[in-house]
Amino acid sequence: MKRMLWSAPILGIVIACAPAAGFAAEGNVPLKHPNITMDQKTLREGLQVFVDVCMGCHSAKYVTYGDLMRYPEIALPRQQVDDLRGNKSLLDGLTTDLTPADAKVSYGKVPPDLSVITRSRQGADYVYSILTGFAHDPEGRIPDGHYNIYFPGNNIAMPDPLTWFQHDPADEKSIEEQARSVSSFLAFISEPHQLQRESLGRYVIAFLVLLTAVLWWLKREIWKDVQH
Amino acid sequence: MIERMLNSSLAQWLDERSGIVGMIRKHVLDYPTPKNLNYMWNFGSLAMLVLLLQILSGVFLAMFYKPSAMATDGGYTMAFDSVERIMRDVDYGWLIRYIHAVGASAFFFIIYMHFARGLYYGSYKKPRELLWIVGVIILLVMQATAFFGYLLPWGQMSYWGATVITNLFGAVPVIGGFINELLRGGFGIGDPTLNRFFSLHYLFPMILVAIVVAHLHALHVVHSNNPTGVEPGKKGVIPFHPYYTVKDLFGVGVFLTVFCYFVFLNPTGWGLFIEPDNFSPANGFQTPAHIAPVWYLTPWYSILRAFPDKLMGVTAMGLSMLLLFFIPWLDRGRVRSARYRPMYRQMVLLFFLSVVVLGYCGHAAPNELLKTVGRVATAVYFGFFLFLPIITKHEKTRPLPQDV
Amino acid sequence: MSEPTDHKRRNFLWGLASGLGAAGVAGVAVPFVKSMLPAADTLAASTTEFDLSTIVSGQMVVIAWQGKPVFVVNRTEKMLERLHGYEAKLKDPDSRADYPHVEAAWMKTEEQRYTRAIKPEYLVLQANCTHLGCIPLYKPSPGQAEWGDSVPEWWPGGFHCPCHGSLYDLAGRVFDGSPAPYNLYTVPYMYTADAKILIG
């Protein structure tokens, strides 16, 4: 055992570095931590917010209308999918009608596709924080509606989509809930098989722990022959 | 059961024509192995396992992956789309992709541990110099394979990582520009680069398998070193089977458990195995805020950054890999294992620490403090090679045991 | 040796470890094999909608279903009348061969069996010869006037496969003497409106 001790500090440092590295990447304001859930109710509400609000400008092209029926976590009934898609095919992705050229004229840039947005940014917490992070610029440089506490550099091209800025305090709960459900929805579509992955993983790991225990037992039994 | 299989008429038929049974007996079942190997000796078999896993998962990914930078809607490309199709539409595609992505990191972790063991216990020393050299070649081929593979998802880190590293080669005097064009096949990283990197990413593992066979062959000529570094006598060796087959299998069990934890529950490895920026499609007009190679290449990246001059940085980085080849001759001591070499033990531990520190510095966003730390670690890294011949010539060693 | 070897326990442990190991390897094979089956997006694209009113009477069009060609023919009254009188020359005039896709679930009446269509005027069949998969040529007019000796003198109109000379009538029923063993295969389809079908 003692002779292996030297590897311990190395491993220790490697492990200690890992999470530290994650934080060091952005180093901005700490994000809000909403309760991200992937139950059917939240995901369907999030989908509704996505279609009603986000899809005005953003797409999620890797998610098709058919997927909304197919993924068991959402399992939207056919009738509702037909209502959502209008004359689009089930094979079409959730894409916006805003053309890139028009978007450039209106917002100065093309809004990013949101299919994997929670993976390319810092998770659902980041999306939620952005959606509820519009404020008045304390230094007065950035116009209202484009100042965001959580956006790197604070100047975001996206106009406050849920009108969080200057919202009526009575509506705060409802806006927070919209932001939460759409963040959950985006986290889900960024990796639609994540729940299956986690549940399957538990069985796989349990099996491997069992197998390893048997192998350890076998190894100990066989090595009884060897004299030291 | 194994005996029954080897004595079967089919096995005998094959044996008469190929000598296969004799080979299995000589190189697997009865292969004499020191009885005192510790668990650090498990990493060799684990490396083989991961190489096979990478090839298997890679072959399947290649059935669905499309190496094309042709633009599609939303700023994406065919390549990126095909990776997302694997993640979403192909049955268990996500699993195969994660096995491959986590496997790359696992492979490097295992190989680094394998190297650390070899360094610590003096496994590179006579008569195992060639074994060591082949091992360093394996590491270089692995790094090249990983570099080619990392471009394939065609995300931001793929693109900018490849840009930075091909530019590195551009710094080589005289032929730099030529190498650069050879790698890129265009004026920048583009569709031709992606196509050839895919081809090379498929080719290099085959080369790797061939070199691994050479590595194993070299091993079976000189046999395994052991923690004492003393050549074992007749009583010091045991047959490989069943003792090391079960021990290696137990190691495989432990490894697979940890591996599956990552594949199923933490596939991006806190952003170390698959970086968040690589989920943004490659964009030649916008560099990510902070580019760093994947963790297993960061020590060498740090050495590159430690020098204020481009050519010097590139030279130092090349030298840091090249020097590994010469360790068997730089170390002039007679004793192998660091257990009996107090001075060497301190040195090699400091060397390991420098690699880890360099790795951290290369991963983190650069600042003044880390720059200094990185330079100190670079000095320690090269200091190891510099002082190795001097110190080992006069070092005092502790008495060696008679046998293992 | 401190204690004698317990062979029973050893054998048990070897057996247990091998059994679990084999189960593990089999378990790993499942996702890899499954990944090679048609993916979700491929399956989602497995149906085709088609508006039959776009075909002129007497015409044939080839449409794609699951990436393969499908014949859709708008048969005239005359063409339907010509489907009789040569039953003896057909291998399987009533589509009764015990082979997948010769008979179809929607074949409920005798008329549907010999016209091989839900509504007699619209013929919808797989466009591949049942011999080796070539696409037969559409030769609707009777006799050799238009087709020369690629078809027999008594030709009632139908399909002629250029690869190995298989002959089918205008209901895709195969003639005796052809190398093709079965009538042209049916496709699963249904009417979603008066003149709209959904294939698959």
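Counting only lysines at least 8 places from A:LYS109 when in the same chain, those with an alpha carbon closer than 19 Å to its own are A:LYS61.
Could you tell me what a quarter of the Cα convex hull surface of the stretch A:161-217 works out to, in nm² with one decimal place? Can you show the working numbers first?
Working: hull surface 24.5 nm².
Over all viewing directions, the stretch A:161-217 projects a mean Cα-hull area of 6.1 nm².
If R0 equals 45 Å, the separation of the Cβ atoms of C:ALA64 and B:ILE179 corresponds to a calculated FRET efficiency of about 0.45.
Considering only C:MET79, C:MET60, C:MET36, give the residue with the highest GNM mean-square fluctuation for chain C, with springs between Cα atoms whenever their separation is below 10 Å. So, out of C:MET79, C:MET60, C:MET36, the one fluctuating most is C:MET36. Alpha-carbon geometry of chain C: the Rg and the Dmax are 26.2, 101 Å, given in that order.
Between B:LEU140 and B:ASP403, the contour length at 0.36 nm per residue exceeds the Cα-Cα span by 91.1 nm. Spin-label model, A:HIS167/B:ASP30: points 7 Å from Cα along the beta carbon direction are separated by 7.9 nm.
Here the stretch A:169-228 and the stretch C:1-40 have alpha carbon centers that stand 22 Å from each other.
Applying the Karplus relation 6.51 cos²θ - 1.76 cosθ + 1.60 with θ = phi - 60° to the stretch B:141-147 yields 3J(HN,Hα) values of 5, 4, 5, 5, 4, 5, 5 Hz, where x marks Gly and Pro. Projecting the Cα atoms of B:ASN36, B:SER105, B:LEU52 onto the charge dipole of the stretch B:1-121, computed from C-beta unit charges around the Cα centre, puts B:ASN36 farthest toward the positive end. Between A:THR99 and C:GLU87, the simple spin-label model (points 7 angstrom out along Cα→Cβ) gives 6.2 nm.
The alpha-carbon of A:LYS219 sits under 13 angstrom from the alpha-carbons of these aspartates and glutamates, leaving out residues fewer than 8 places away in its chain: B:ASP248. For C:TYR189, the amide hydrogen comes within under 5 Å of the amide hydrogens of C:GLY200, counting only partners 5 or more places away or on other chains and with H modelled in the peptide plane.
Phi angles of the stretch B:45-53 translate, via the Karplus equation with coefficients 6.51, -1.76, 1.60 and θ = phi - 60°, into HN-Hα couplings of 5, 5, 4, 4, 4, 5, 4, 5, 4 Hz per residue; Gly and Pro are given as x. Below 12 angstrom from the Cβ of C:ASP94, what's the summed charge of the other residues (Lys, Arg +1; Asp, Glu -1)? Once positives and negatives cancel, what remains is 0.
In the protein assembly as shown, the DSSP-assigned H stretches of four residues or longer account for a calculated mean residue ellipticity at 222 nm of -16500 deg cm²/dmol, using -39500 (n - 2.57) per stretch and the full residue count as denominator. Ranked from largest, the principal axis spans of the Cα set of the protein assembly as shown equal 108, 88, 60 Å. Annotation for the stretch B:94-108 versus the stretch A:99-167: alpha-carbon center distance of 34 Å. Annotation: amide H of C:TRP65 within the under-5 Å range of C:VAL70, sequence separation 5 or more or interchain, hydrogens built in the peptide plane.
Helix B:342-363 against the longest principal axis of chain B: what's the angle in degrees, Cα atoms only, rounded to the nearest 10? Tilt relative to chain B: about 20 degrees.
Legend: P(r) of chain B from all alpha carbon pair distances, 10 Å bins from 0, whole percents, reading 4, 19, 28, 25, 15, 7, 1, 0.
Inter-chain neighbour count for B:237-249: the average number of beta-carbon atoms from partner chains within 10 Å of each residue's beta-carbon is 4. For the stretch B:52-208, the spread of Cα coordinates along the three principal axes comes to 59, 46, 22 Å, biggest extent given first. For the protein assembly as shown, a simple Cβ point-charge model (Lys and Arg +1, Asp and Glu -1, everything else neutral) yields a dipole of about 4780 debye relative to the Cα centre. May I ask for the longest run of chain A untouched by trypsin sites (Lys or Arg not before Pro) that are loop-located per DSSP and have at most 11 neighbouring C-beta atoms (other than their own) within 10 Å? Here the longest segment lacking exposed loop sites spans A:1-108.
Couplings 3J(HN,Hα) for the stretch B:312-328, derived from phi with the Karplus relation 6.51 cos²θ - 1.76 cosθ + 1.60 (θ = phi - 60°), are 5, x, 5, 4, 4, 5, x, 5, 4, 7, 4, 4, 4, 4, 9, 3, x Hz, where x marks Gly and Pro. Give the aspartates and glutamates reachable from B:LYS371 as a straight Cα distance under 16 Å; neighbours fewer than 8 places away on the same chain don't count. Within the straight-line limit of under 16 Å, B:LYS371 reaches these aspartates and glutamates: B:ASP309. If you fit an axis through the alpha-carbon atoms of helix C:7-35 and take the longest principal axis of the Cα set of chain C, what angle between them do you get, 0 to 90°, nearest 10? Between helix and principal axis, roughly 30 degrees. Dipole orientation for chain C: of the candidates C:ILE199, C:ILE135, C:THR42, C:THR42 has the Cα lying most toward the positive pole (charges on Cβ; Lys, Arg +1; Asp, Glu -1). What does the charge count around B:GLY135 come to, taking other residues whose C-beta lies under 13 Å from its C-beta (Lys +1, Arg +1, Asp -1, Glu -1)? So the surrounding residues net to +1. A Cα-only calculation for the stretch A:60-120 places Rg and Dmax at 13.6, 39 Å.
The amide H of B:ILE238, built 1.01 Å from its N in the peptide plane, has B:THR33, B:LYS35 as neighbours under 5 Å, considering only residues 5 or more places off or on other chains. The alpha carbons of the stretch B:1-77 occupy a box of 62, 37, 20 Å along the principal axes, longest dimension given first. Reducing the stretch B:121-192 and the stretch B:268-299 to their Cα centroids gives an inter-centroid distance of 17 Å.
Report the longest stretch of chain C that contains none of the chymotrypsin sites (Phe, Trp or Tyr not before Pro) sitting in a DSSP loop with at most 14 other Cβ atoms within 10 Å. Please list the in-between numbers first.
Values: sites that count: C:TRP106, C:TRP154.
Longest run free of exposed loop sites: C:1-105.
Short-range pairs are left out: with C-alpha atoms under 8 Å and at least six residues apart, the relative contact order of the stretch B:157-238 is 14 percent.
So which of C:LYS68/C:LYS91; B:LYS35/B:LYS247; A:LYS224/B:LYS126; A:LYS32/A:LYS173; A:LYS41/A:LYS173; C:LYS108/C:LYS139 end up more than 22 Å apart by C-alpha? Pairs exceeding 22 Å: C:LYS68/C:LYS91; A:LYS224/B:LYS126; C:LYS108/C:LYS139.
A dipole drawn for the protein assembly as shown from +1 and -1 charges on Cβ atoms has a positive end, and of A:HIS33, B:THR166, A:ALA187 the residue lying farthest that way is B:THR166.
Any read-out appearing in this document is the output of simple, stated calculations on the displayed coordinates, not a laboratory observation. Keep in mind that this is a model prediction, so the values were computed, not measured. With ideal geometry, Cβ positions are generated from the backbone for all residues, glycine too; neighbour counts draw on all protein chains shown.
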